[in-house]
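Peer 1: To start, I am sharing the structure in question, which I have written as structure tokens.
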Amino acid sequence: MITTFLLQDTRERMRGSVCFDQRQRGIALVVALIFLLMLTILGVSAMNTSALEGRMAGNTQENNRAFQGAESALEKVWKDGAIFKSFTQVGETITDPSSPHTYTGATVNVDVTWEATVPSKRTNDPINSGKYSTAIFSMKSASKTATNAEALVVQGVDRVVPGPASNQ
């Protein structure tokens, strides 16, 4: 009889636990779906962030390309020096005849303005004193890439020129 009682008690406990497990299976499914939804949202936001960072890197690269093109054009005009011989009066602006330049995928235009002429600093040389002056120029380089990234570089330069300082 004691054995029958224990057997019946064990059966009742098992029935209760089976009912308890059946209720838990539905909750576990809901929790798993919520967790899966959270992981999906996290993955989508990570992909969006990655795509945005890629676009930002591309824009930075294009801006750098435009800047480098503008700098290269200024350096070429400065080293060539031919444009500086074309000026006739102070205040005159000349566009580089070889413009537009193309550097690293950027189209560049260069303008040079003769700002002033000042006496040269060679005052300690009595032989050449007054034979030279310094012409001050402003060089402006505007660059634009195919993706519309733009750069503007303005640089002041000076060149020693023969003759006394005159701002004509």
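The values are calculated or read from the model by the stated rules, or taken from the named source; none is laboratory data. Since we're looking at a predicted model, the values are computed, not measured. With ideal geometry, Cβ positions are generated from the backbone for all residues, glycine too; neighbour counts draw on all protein chains shown.
Peer 1: On the given criteria, is A142 at pLDDT 85 or above, under 30 Å from M56 (Cβ atoms), of a type in the set (G, A, S) and surrounded by fewer than 12 Cβ atoms within 10 Å (Cβ to Cβ)?
Peer 2: No; evaluated as a whole, the condition is false for this residue.
Peer 1: Please indicate, with yes or no, whether at least one residue in segment 55-64 is of a type in the set (D, E, K, R), modelled with pLDDT of 85 or more and either touching a strand residue (DSSP E or B) at 6+ places or on another chain (Cβ under 8 Å) or over 26 Å from V154 (Cα atoms) (or both).
Peer 2: Within segment 55-64, one or more residues are of a type in the set (D, E, K, R), modelled with pLDDT of 85 or more and either touching a strand residue (DSSP E or B) at 6+ places or on another chain (Cβ under 8 Å) or over 26 Å from V154 (Cα atoms) (or both).
Peer 1: A further question follows. Which residue is farthest from T134 (Cα to Cα), if the candidates are limited to segment 81-115 and must be in contact with a Gly (Cβ under 7 Å, 6 or more places away or on another chain) and modelled with pLDDT of 85 or more?
Peer 2: A106
Peer 1: Can you confirm whether G81 is surrounded by fewer than 12 Cβ atoms within 10 Å (Cβ to Cβ) and not acidic (D, E)?
Peer 2: Judged against the criteria, G81 is a match.
Peer 1: Can you confirm whether segment 35-42 contains a residue that is assigned to a helix (DSSP H, G or I) and either under 29 Å from the mean Cα position of the chain (by Cα) or touching a residue at least 60 places away in the same chain (Cβ under 8 Å) (or both)?
Peer 2: yes
Peer 1: Being closer than 21 Å to E92 by Cα, in a loop (DSSP other than H, G, I, E, B) and either among the small types (G, A, S) or at pLDDT below 70 (or both) narrows it down to one of A135, A165, so name that one.
Peer 2: Result of the check over A135, A165: A165.
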